[in-house]
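Worksheet for the structure shown next.
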Amino acid sequence: MHPLRPHRTPLPGVLAFLPLLALAACATAPPSDHGTISERTAASAAALCEHRVPGDVCVLCHPELAADFKASGDWCGEHAVPESQCYRCHPDLTFEPLPILRDGADLAVITRGGADVPDLGAHLAPGKVTVFDFFAAWCVPCRQVDAHLFAVLNARDDVAVRKLDLSSWDTPLAKRHLAGVTEIPYLIVFDADGRRVAAITGLDLAALDRAIADATQTEDQP
Ligand SMILES: [Zn+2]
Ligand SMILES: [Zn+2]
């Protein structure tokens, strides 16, 4: 398992060089080969280059950007590209543009940087199915959830999405809402009456669709 997969893991990088340590027990421990995926690559809206990365931030196209990525900790030393651009470490990376949200789509980011949200109930959308989406910039599969939920929001007025930026596993937000949860994306679905219908751990878009359907059905019952 790669240390930067969105699971709870020991310290990033430790697993990666355990075999090296075994081979070279007398050598000084090498620095970690892997960094942290930042939002910098995904934030670009530029067209993709031949490396399937937004062209204006691709380090293979623009080697002069490497220093900045390294300085921010977003660097894969093993493959000499930013961690956020390393398809060899993260084969499911994608920078395909997200669907454009229509006016009126009910999406809000309710916390960033892992700041605590004591009561999810305060953020329910009245009369709608509400999906709470716990994500992080370094979570590669979270972008697939975004693409899926954007399509749902574009098709339906009775669904709202509330995004919560976990930032890391050590933040107050994570400690309150993800105790015992081992993986993100993590989604909690409530029906229009504020009843919790389901929680989905990991990338499972079919389970997400089922939960939204279940939450929609419960609205019709007294
Ligand atoms: Zn490129
Ligand atoms: Zn890599």
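Could you tell me which residue of segment 57-77 is farthest from ligand 2 (Cβ to nearest atom), considering only residues that are surrounded by 14 or more Cβ atoms within 10 Å (Cβ to Cβ) and of a type in the set (D, E, K, R)?
Asp68
Residues that are of a type in the set (Val, Ile, Thr), touching a strand residue (DSSP E or B) at 6+ places or on another chain (Cβ under 7 Å) and either in a loop (DSSP other than H, G, I, E, B) or within 16 Å of ligand 1 (Cβ to nearest atom) (or both): does segment 56-72 have at least one? Even if it seems obvious, please write down each step before you answer.
Here is the first cut: in segment 56-72, the ones of a type in the set (Val, Ile, Thr) are 57, 59.
Next, from what is left, pick out any that are touching a strand residue (DSSP E or B) at 6+ places or on another chain (Cβ under 7 Å): 59.
Filter again for either in a loop (DSSP other than H, G, I, E, B) or within 16 Å of ligand 1 (Cβ to nearest atom) (or both), leaving 59.
Yes: segment 56-72 contains one or more residues that are of a type in the set (Val, Ile, Thr), touching a strand residue (DSSP E or B) at 6+ places or on another chain (Cβ under 7 Å) and either in a loop (DSSP other than H, G, I, E, B) or within 16 Å of ligand 1 (Cβ to nearest atom) (or both).
Assess whether Leu208 counts as being more than 14 Å from the chain's Cα centre (by Cα), under 14 Å from Ala136 (Cα atoms), among the aliphatic types (A, V, I, L, M) and part of a helix (DSSP H, G or I). So that I can check it myself, show each step before the final result.
On the way: more than 14 Å from the chain's Cα centre (by Cα): yes; under 14 Å from Ala136 (Cα atoms): no; among the aliphatic types (A, V, I, L, M): yes; part of a helix (DSSP H, G or I): yes.
No.
Does at least one position in segment 112-133 carry a residue that is surrounded by 12 or more Cβ atoms within 10 Å (Cβ to Cβ), free of Cβ contacts under 8 Å to residues at least 40 places away in the same chain and either more than 16 Å from ligand 1 (Cβ to nearest atom) or over 30 Å from Glu50 (Cβ atoms) (or both)?
Scanning segment 112-133, I find at least one residue that is surrounded by 12 or more Cβ atoms within 10 Å (Cβ to Cβ), free of Cβ contacts under 8 Å to residues at least 40 places away in the same chain and either more than 16 Å from ligand 1 (Cβ to nearest atom) or over 30 Å from Glu50 (Cβ atoms) (or both), so the answer is yes.
Run down Val140, Val53, Val81, Val129 and say which single residue is away from ligand 2 (no atom under 16 Å from the Cβ) and among the β-branched types (Val, Ile, Thr).
On the way: Val140 fails: away from ligand 2 (no atom under 16 Å from the Cβ); Val53 fails: away from ligand 2 (no atom under 16 Å from the Cβ); Val81 fails: away from ligand 2 (no atom under 16 Å from the Cβ).
The conditions single out Val129.
For segment 73-111, enumerate the residues that are in contact with a Leu (Cβ under 8 Å, 6 or more places away or on another chain), assigned to a strand (DSSP E or B) and touching a residue at least 40 places away in the same chain (Cβ under 8 Å).
Across segment 73-111, the qualifying residues are Leu107, Val109, Ile110, Thr111.
Residues in segment 97-111: is at least one under 23 Å from Phe134 (Cβ atoms) and within 10 Å of ligand 2 (Cβ to nearest atom)?
Taking every residue of segment 97-111 in turn, none turns out to be under 23 Å from Phe134 (Cβ atoms) and within 10 Å of ligand 2 (Cβ to nearest atom).
Residue check: is His90 within 16 Å of ligand 2 (Cβ to nearest atom), more than 25 Å from Leu205 (Cβ to Cβ) and surrounded by fewer than 20 Cβ atoms within 10 Å (Cβ to Cβ)?
no
Given (1) on the phi > 0 side of the Ramachandran plot; (2) within 16 Å of ligand 1 (Cβ to nearest atom); (3) of a type in the set (Gly, Ala, Ser); (4) surrounded by 14 or more Cβ atoms within 10 Å (Cβ to Cβ), identify the lone condition not met by Ala80.
That leaves (4) as the condition not met.
Quick one: which of Val109, Val53 is modelled with pLDDT of 95 or more, farther than 26 Å from Asp170 by Cβ, under 21 Å from the mean Cα position of the chain (by Cα) and not acidic (Asp, Glu)?
Working: Val109 fails: farther than 26 Å from Asp170 by Cβ.
Selected residue: Val53, the only one of Val109, Val53 that is modelled with pLDDT of 95 or more, farther than 26 Å from Asp170 by Cβ, under 21 Å from the mean Cα position of the chain (by Cα) and not acidic (Asp, Glu).
Is it true that some residue in segment 157-172 is loosely packed, with under 15 Cβ neighbours inside 10 Å and over 18 Å from Gly114 (Cβ atoms)? Outline the logic, then answer.
The first filter runs over segment 157-172 and keeps only residues loosely packed, with under 15 Cβ neighbours inside 10 Å, leaving 157-158, 168, 170.
Keeping just the survivors that are over 18 Å from Gly114 (Cβ atoms) gives 157-158.
Yes, the conditions are met somewhere in segment 157-172.
Give the residue that is nearest to ligand 2 (Cβ to nearest atom), with candidates limited to residues of segment 36-50 that are surrounded by 15 or more Cβ atoms within 10 Å (Cβ to Cβ) and not in a loop (DSSP other than H, G, I, E, B).
So the first thing to find is which residues in segment 36-50 are surrounded by 15 or more Cβ atoms within 10 Å (Cβ to Cβ), and the list is 36-38, 40-42, 44, 48-49.
Restricting the remaining residues to those that are not in a loop (DSSP other than H, G, I, E, B) gives 40-42, 48.
On the way: Arg40: 16, Thr41: 13, Ala42: 16, Leu48: 19 Å.
In this case the residue turns out to be Thr41.
The values are calculated or read from the model by the stated rules, or taken from the named source; none is laboratory data. As the structure is a prediction and not an experimental result, all values here were calculated from the model. As a convention, Cβ positions derive from the backbone with ideal geometry for all residues, glycine included, and neighbour counts pool all protein chains shown.
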